[in-house]
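Quick notes on the structure that follows.
The values are calculated or read from the model by the stated rules, or taken from the named source; none is laboratory data. Note that the structure is a prediction, hence the values are computed from the model and not measured. Note that we place each Cβ from the backbone using ideal geometry, even for glycine, and neighbour counts take in every protein chain shown.
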């Protein structure tokens, strides 16, 4: 399995980061980051120094890291029909994605956009 399949996509990572910043919440650290190295978007396994990237750096969260962020919200994540499904038990819509991290990321975005966390 490639690293890109184990973390939130650039789009989801960017959205999570921006929502947390807009709401004045702390942006949790991640083991991985999406960065722009002179116009080339790259996923790296450590936090780059400020001077090494040009326009952005976003945490790329793993399913485990998102599980920690969502641990107070009674989250269920299951695999079925070729996709991951994630939902807040009895309280929210279902979110589907090809990877567990992406499904959990979509649920986190839903909670942030609806001021539920």
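Can you tell me which condition residue 34 does not meet? The list is (1) assigned to a strand (DSSP E or B); (2) under 17 Å from residue 19 (Cβ atoms); (3) at pLDDT below 90, and all the others hold.
The failed condition is (3).
Table: residues versus (1) modelled with pLDDT under 95; (2) farther than 18 Å from residue 110 by Cα.
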residue: 8; (1), (2): no, no
residue: 18; (1), (2): no, no
residue: 27; (1), (2): yes, no
residue: 42; (1), (2): yes, yes
residue: 46; (1), (2): yes, yes
residue: 56; (1), (2): yes, yes
residue: 74; (1), (2): yes, no
residue: 79; (1), (2): yes, yes
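Restricting attention to region 92-108, which residues are surrounded by fewer than 16 Cβ atoms within 10 Å (Cβ to Cβ) and either within 15 Å of residue 73 (Cα to Cα) or in contact with a helix residue (DSSP H, G or I) (Cβ under 6 Å, 6 or more places away or on another chain) (or both)?
Passing the criteria: 93, 94.
Among the residues of region 79-105, write down those that are within 15 Å of the chain's Cα centre (by Cα) and under 16 Å from residue 6 (Cβ atoms).
84, 86, 97, 98, 99, 100, 101, 102, 103, 104, 105
Yes/no per residue for (1) surrounded by 12 or more Cβ atoms within 10 Å (Cβ to Cβ); (2) touching a residue at least 12 places away in the same chain (Cβ under 8 Å):
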{"residue": "2", "(1), (2)": "no, no"}
{"residue": "6", "(1), (2)": "yes, yes"}
{"residue": "11", "(1), (2)": "yes, no"}
{"residue": "16", "(1), (2)": "yes, yes"}
{"residue": "19", "(1), (2)": "yes, yes"}
{"residue": "33", "(1), (2)": "yes, yes"}
{"residue": "39", "(1), (2)": "no, yes"}
{"residue": "43", "(1), (2)": "yes, yes"}
